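Reading through the structure tokens given below for one structure.
The values are calculated or read from the model by the stated rules, or taken from the named source; none is laboratory data. Since the model is a prediction, treat every value here as computed from it, not as a measurement. Ideal geometry is used to build each Cβ from the backbone, glycine not excepted, and the neighbour counts take in all protein chains shown.
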């Protein structure tokens, strides 16, 4: 297995009622798989790292291997962990995670037994002293992963990000990117980010997350990006959904505005994670933040055209390069 790109994050048992098409009931999901699939569009293989319980379907691990995703770093810990996630779209952009019974009834769909007893995760601020049960630990890192070319940390709790990012960097991984956990993207955690971002290659928050972080300080996205980069991060990418991305490079002070590639929106689930995977693959290959962001943009454009973490892997050969060429003509340097 090629240990060049490693992805660390969460695995989920996904129950999804997308804006269009049939529901996906108890299928592989989680930010880890969406991000890894974004990279797999550009490279032959990637590596996964996560925590699951004994009740996680073991045949899914074989499926990941077939998809070019090495599951060596997925640790099965004793006992069950409830990794179910429910999501229903009420329109193309709005979704809910609560009261699955009422939504299945409203839509005239049979309620899946696998969702019995489901409780939506509570939205609360992050702890600086506790690690989530399903977050990977320092001791879980396979030695082979420390010789990787690049590592992406998908959204996890603050303490896990704060431990894993320097561990990979000091272990010798030259490229480390972070997609922040929304639970620590608020004004109370600005000082924590000063230490988290030291030596990080790229930080990739959504516009909503970065605005929450700088609430009451500034409304200027470029000012926010500049300040975060001053904490010691080389590249800041602000993901703006259907409006594309802002990219800021600290070393040169360059700013780019990239529009979203125009594709048909069927299901936006996981598009931000897919973007991060495409970005990592692009940056590891070129060390060019603009090229990396374009590849992430194109990966996301495929992801939203269908549902499920692996949908992107069935795209036509050559189409991604064609879209990349088309997108390059639409970029604006600010």
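General observations
- Residue 179 passes every criterion in (1) crowded, with 24+ Cβ neighbours inside 10 Å; (2) farther than 22 Å from residue 7 by Cα; (3) within 18 Å of the chain's Cα centre (by Cα) apart from (2).
- Count of segment 269-284 residues, restricted to those that are part of a helix (DSSP H, G or I) and farther than 13 Å from residue 320 by Cβ, is 9.
- Boolean, residue 90 is free of Cβ contacts under 8 Å to residues at least 24 places away in the same chain and closer than 30 Å to residue 107 by Cβ: yes
- In segment 314-330, the residue that is surrounded by the fewest Cβ atoms within 10 Å (Cβ to Cβ) out of those that are in contact with a helix residue (DSSP H, G or I) (Cβ under 7 Å, 6 or more places away or on another chain) and more than 19 Å from residue 44 (Cα to Cα) is 328.
- Selection count where residues are over 17 Å from the mean Cα position of the chain (by Cα) and either on the phi < 0 side of the Ramachandran plot or assigned to a strand (DSSP E or B) (or both), scope segment 21-30: 6
- Residue match in segment 226-237 (condition: farther than 28 Å from residue 169 by Cα, modelled with pLDDT of 95 or more, surrounded by 18 or more Cβ atoms within 10 Å (Cβ to Cβ) and out of contact with any helix residue (DSSP H, G or I) (no Cβ under 6 Å at 6 or more places or on another chain)): no
- Segments classed as helices (runs of 4 or more DSSP H), wholly inside segment 31-111, with at least 1 members that are over 28 Å from residue 143 (Cα atoms): 100-106
- Lone qualifier among 5, 24, 11, 33 - being in contact with a strand residue (DSSP E or B) (Cβ under 6 Å, 6 or more places away or on another chain), buried (at least 23 other Cβ atoms within 10 Å of the Cβ) and within 22 Å of residue 95 (Cα to Cα): 11
- Only listed residue being touching a strand residue (DSSP E or B) at 6+ places or on another chain (Cβ under 8 Å), within 25 Å of residue 288 (Cα to Cα) and part of a helix (DSSP H, G or I), chosen from 146, 164: 164
- Test: residue in segment 105-118 that is closer than 30 Å to residue 189 by Cα and surrounded by fewer than 16 Cβ atoms within 10 Å (Cβ to Cβ): no
- Among the residues of segment 59-81, those identified as touching a strand residue (DSSP E or B) at 6+ places or on another chain (Cβ under 8 Å) and under 15 Å from residue 26 (Cα atoms) are 60, 61, 63, 81.
To keep it simple, each residue is scored yes or no on (1) modelled with pLDDT under 95; (2) in contact with a strand residue (DSSP E or B) (Cβ under 7 Å, 6 or more places away or on another chain); (3) buried (at least 19 other Cβ atoms within 10 Å of the Cβ); (4) on the phi > 0 side of the Ramachandran plot.
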| residue | (1), (2), (3), (4) |
| --- | --- |
| 246 | no, yes, yes, no |
| 293 | no, yes, yes, no |
| 303 | no, no, yes, no |
| 332 | yes, yes, no, no |
